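Participant: The structure that follows is given in the form of structure tokens.
Where a number appears in this text, it was derived from the coordinates with a stated rule and is not lab data. Quantities reported herein were computed from a predicted structural model and do not represent experimental measurements. Don't worry about glycine lacking a Cβ; one is built from the backbone with ideal geometry, like all the others, and counts go over all protein chains shown.
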Amino acid sequence: MFDVIINKQDYIISVTGHTVILTGFYAVDIPDRTLLVTFQQVEGTDAFDIHKILETISINLAKIYNCKIFYYFPKNTFALENKHLDLMVLNKMDIKYFDEKQYDLNAFWLKKCDENEMINRIESSTLTCMILDNIKNVPVAFGRLFTQMGYLTYISDILTAEEYQSKGLGSSIVNCLLKAVMNDTENKHGLICLLCADKGAGKISAPKLYCKFGFKFLKDDDKKSSLFLDAQHEHD
Ligand SMILES: CC(C)(COP(=O)(O)OP(=O)(O)OC[C@H]1O[C@@H](n2cnc3c(N)ncnc32)[C@H](O)[C@@H]1OP(=O)(O)O)[C@@H](O)C(=O)NCCC(=O)NCCS
């Protein structure tokens, strides 16, 4: 058996049990209902116990935040079975990006959002990136990222207006965000993750886009992962 303690004031999670001890901290992105958990102290390697513990933590956190949850482990010690085929991961050390001019940062555009939601998304992001059409003076591409002290970075809301797609704007946005991650000199290690579109306008282009930068889908045969997405998560 084990005890799971979630400290909502300081965003700390600790678990103690017969075979496993885990201690970590978490951060929440409310607009995207995303929660990043980074475990720092990890003792024990019983994958069955870890699964059980993550299930319990997920249930407890879901009651408080109703979020999808990403778990990051510093060492690849667990054979965690991740069933989310749309989950892509990139190790900071393996980032591929291009040199190009900087685009306007800290702006936001998303057709489906109302103004308040836009504000929430900007404020809760660690970094947002937008490309403007200078002639029409309208935003045409957008992306943002959310990170937990550099260990775990989550990229979301990558989109290009329909009539501007296939011109390299999506690539520029991802490039710009990844460049910012690389410029974080304090934390050279860590993972960047995202959920890749598997339907709609991005079904074909999104995987192409992310693969270019080195992102890889977590496959069935790649179970020794230091990243785990909670089993409760389903597409919105
Ligand atoms: C995914 C998306 C952001 C890509 O934006 P974009 O501005 O078209 O991206 P780029 O022009 O940089 O193209 C990226 C890659 O996709 C490919 N691509 C773009 N449009 C394509 C299309 N219609 N069919 C096939 N491939 C396409 C490009 O060839 C490029 O790969 P390459 O550099 O190897 O040639 C855009 O399609 C979009 O907004 N989709 C809807 C929202 C969405 O699904 N976002 C992703 C969430 S995970």
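Participant: With a Förster radius of 41 Å, plug the Cβ-Cβ distance of THR19 and LEU85 into 1/(1 + (r/R0)^6) and report the FRET value to the nearest 0.05.
Facilitator: 0.90
Participant: Ok, one more. Plugging the Kirkwood radius over Cα pairs into Stokes-Einstein for the chain, at a temperature of 25 °C and a viscosity of 0.890 mPa s, what D comes out in µm²/s?
Facilitator: Approximately 132 µm²/s, per Stokes-Einstein.
Participant: Where does each of HIS51, HIS18 land when they are ranked from fewest to most other beta-carbon atoms within 10 angstrom?
Facilitator: Neighbour counts put them in this order, fewest first: HIS18, HIS51.
Participant: For the chain, what is the mean residue ellipticity at 222 nm derived from helices alone (per DSSP H run of n ≥ 4: -39500 (n - 2.57); sum divided by total residues; nearest 500 deg cm²/dmol)?
Facilitator: Numbers: 4 runs with 51 residues, N = 236.
Using -39500 (n - 2.57) per qualifying helix, the result is -7000 deg cm²/dmol.
Participant: Can you sort CYS196, CYS211, CYS129, CYS67 from fewest to most other Cβ atoms within 10 Å of each residue's own Cβ?
Facilitator: CYS211, CYS196, CYS67, CYS129
Participant: Can you put THR160, THR23, THR38 in order of Cβ neighbours within 10 angstrom, beginning with the fewest?
Facilitator: The order, fewest Cβ neighbours first, is THR23, THR38, THR160.
Participant: Between GLU55, GLU81, GLU186, find the one with the highest GNM mean-square fluctuation for the chain; connect C-alpha pairs within less than 10 Å.
Facilitator: GLU186
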